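Read the structure below first, then the notes.
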Amino acid sequence: MLKIENVTFRYEGSKRPALSEVSLEIDRGEFLLIAGLSGSGKSTLLRLLNGLIPHFYRGEMKGRVLVDGVDTREASVAQLSKKVGLVFQNPDNQIVTLRVDREIAFGLENLGLPREEIIERINEVLKKLGIEHLRKRGTAELSGGEKQLVAIASVLAMKPDVIVLDEPTSELDPFSSARIAKVLGNLNREGVTVVVAEHRLDLFAPKANRMIVMSNGRIVREGHPRELLYRGDISLHGVRPPSVVKLARKYGVVGAQPLAVGELIVALRRGVRIDRS
Amino acid sequence: MIEVEGVTFKYEGSGMNALRDVSLELERGKIYGVVGPNGSGKSTLLRLLNGLIPHFYRGEMKGRVLVDGVDTREASVAQLSKKVGLVFQNPEHMFFSETVYEEVSFGPKSIGMDPEEIKESVRWALEEVGLWELRERSPWSLSGGEMKRLSIACILSMKPEFLAVDEPTIGQDSLSKESLSEIFKRMRGEGKGVVIVTHDLEWLDELGPDVVFVLRYGVVINRGDPKEIFSDIRNLATNGLIPPYRYIVDSLLEVG
């Protein structure tokens, strides 16, 4: 559905390319996790997917990006936003109105949808994210986690095929971060394609069916998170395996390749039982 | 030593006390972790330590804070900044100089250090955080991790004896978190007191603080050895904190 073909991109004014010869295909229904240090090219890759590059960010681009077969250079950002919704790192940069329901309506009004449809979509998306109680709240008085949920809601209301998130938890506390990860996992189970760049591998690796690691503008590793995080050589690119992986190694249950704490516990209990018998 | 003695503080216009009868002591050569959910009073506690409260933030304060025996109400913020340096959560919002070097020189100049001393302390601060080589660069050209370290250098250059840091790991990648740990441990080794407010218990556990304080609703509800605090996962969880994974695993295994 999304296809990046051999893309190299250099921002105007920068000497080095932010991305070098990157190719990637994303299929419908996937949950793709993008890991890598700050400055490794994660955000640039995400900006390619909804046409912000090259429509909005200037620079020199080689290769092409296809969204459902359409070259992003030949589609407008408005057209692409119906297919690919982007949630930014800092919800304060995304939120433009003063009340939650108006915030969600904003994008829909710009799509020219009828009033009844807009109301219906607001109801639907608030329910889906479990934030119906925020409907009439002022956006300025929301907590960071609530703001990020509203930002996600306003993107989801446009019913994109793919939701793309750039470090959605980087400004949030651990509980709010876990909630975002859970919400995205649920959406993915309901059929939404999710692409997320994150440092919090402990929260997102258990939800993802595929993971890539970026370094210096290139995709240097690709595979299932279990496979990548247990192979251990991603440390070379500055990405550290989450604590659950370290603990699984410490307790000698790497065979089960647990990613979530619950999986680790199950593996350990089984291990203990086997040892005793 | 910093002594917080029975401090209660209410921000002007707020109906609730941000801190309630808080007493604690902070010594040099130690790392202190301050943890608690949003709104528990962590940042307010930091603002007490260098006199931002009550000098800058208005409100109603009971009790007192002594920095090396001096009541913070009787010292100016400039005087206190030589003793206690505070690194904000998003200090990059405040960078304004053209080079890293100038940015780090600003603090020492503004508190009236003499030029020779400024040179020496700026170099020392930049070396401590590993940015000396980047001194001619613009602060805006730095990576997120480098900006965070720059913000620490800006405070270190004033040669405070205590360093108070608000949520240093927010938005930082794993390499940056590791280098922050190294910096704070080195500070401790050099005899400085380091006070870190964080939600990131996983990282705090790896850093290895000497003492942890748990705040909730403006009250210190628990304090002491990090192992004891982190092992009490039920207490942490009911207070809106996620314990380090190794303690979760240990405790669940014991139950099983």
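Computed values, structure above
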quantity: Test: residue in region A:55-71 that is surrounded by 22 or more Cβ atoms within 10 Å (Cβ to Cβ), touching a Gly at 6+ places or on another chain (Cβ under 6 Å) and not charged (D, E, K, R); calculated: no
quantity: Residues within region A:86-126 that are more than 14 Å from residue A:147 (Cβ to Cβ), acidic (Asp, Glu) and buried (at least 17 other Cβ atoms within 10 Å of the Cβ), tallied; calculated: 1
quantity: Residue tally, condition in contact with a strand residue (DSSP E or B) (Cβ under 9 Å, 6 or more places away or on another chain) and part of a strand (DSSP E or B), over region B:52-75; calculated: 10
quantity: Number of the exception - residue A:26 against (1) of a type in the set (A, V, I, L, M); (2) touching a Leu at 6+ places or on another chain (Cβ under 7 Å); (3) modelled with pLDDT under 95; calculated: (3)
quantity: Some residue of region A:170-183 being in contact with a strand residue (DSSP E or B) (Cβ under 9 Å, 6 or more places away or on another chain), buried (at least 23 other Cβ atoms within 10 Å of the Cβ) and either farther than 30 Å from residue A:113 by Cβ or within 13 Å of chain B (Cβ to nearest Cβ) (or both); calculated: no
quantity: Odd one out for residue A:239, checked against (1) in a loop (DSSP other than H, G, I, E, B); (2) facing chain B (nearest Cβ under 10 Å); (3) open to solvent by 30 Å² or more (accessible area, probe 1.4 Å); calculated: (3)
quantity: Lone unmet requirement of (1) over 15 Å from residue B:105 (Cα atoms); (2) touching a residue at least 40 places away in the same chain (Cβ under 8 Å); (3) within 13 Å of chain A (Cβ to nearest Cβ); (4) not aliphatic (A, V, I, L, M) for residue B:162; calculated: (3)
quantity: Residue A:51, sole failed condition from (1) under 30 Å from residue A:182 (Cβ atoms); (2) in contact (Cβ under 8 Å) with a residue 60 or more places away in the chain; calculated: (2)
quantity: Which numbered condition residue A:221 misses (of (1) open to solvent by 10 Å² or more (accessible area, probe 1.4 Å); (2) in contact with a strand residue (DSSP E or B) (Cβ under 6 Å, 6 or more places away or on another chain); (3) outside any strand (DSSP E or B)); calculated: (3)
quantity: Residue A:136 being assigned to a loop (DSSP other than H, G, I, E, B), of a type in the set (Lys, Arg) and exposed (fewer than 14 other Cβ atoms within 10 Å of the Cβ); calculated: yes
quantity: Filter result (in a loop (DSSP other than H, G, I, E, B), small (Gly, Ala, Ser) and at the interface with chain B (Cβ under 9 Å from one of its Cβ atoms)) within region A:140-169; calculated: A:143
quantity: Residues of region B:10-51 classified as part of a helix (DSSP H, G or I) and either open to solvent by 50 Å² or more (accessible area, probe 1.4 Å) or out of contact with any strand residue (DSSP E or B) (no Cβ under 8 Å at 6 or more places or on another chain) (or both), total; calculated: 1
quantity: Criterion (under 20 Å from the mean Cα position of the chain (by Cα), closer than 22 Å to residue A:234 by Cβ, buried (at least 16 other Cβ atoms within 10 Å of the Cβ) and charged (D, E, K, R)) met by exactly one of A:83, A:42; calculated: A:42
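Every residue, every condition in (1) within 14 Å of chain A (Cβ to nearest Cβ); (2) acidic (Asp, Glu), yes or no:
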residue	(1), (2)
B:61	no, no
B:70	no, no
B:84	no, no
B:95	no, no
B:105	no, no
B:108	no, no
B:116	no, yes
B:132	no, no
B:147	yes, no
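The values are calculated or read from the model by the stated rules, or taken from the named source; none is laboratory data. Because the structure is a prediction, the values reported are computed rather than measured. Quick reminder, even Gly has a Cβ in these numbers, built from the backbone with ideal geometry, and neighbours come from all protein chains shown. The protein model used for the area step is the full one, side chains on, heavy atoms only, and it has no ligands, DNA or RNA in it. Shrake-Rupley method; radii C 1.70, N 1.55, O 1.52, S 1.80 Å.
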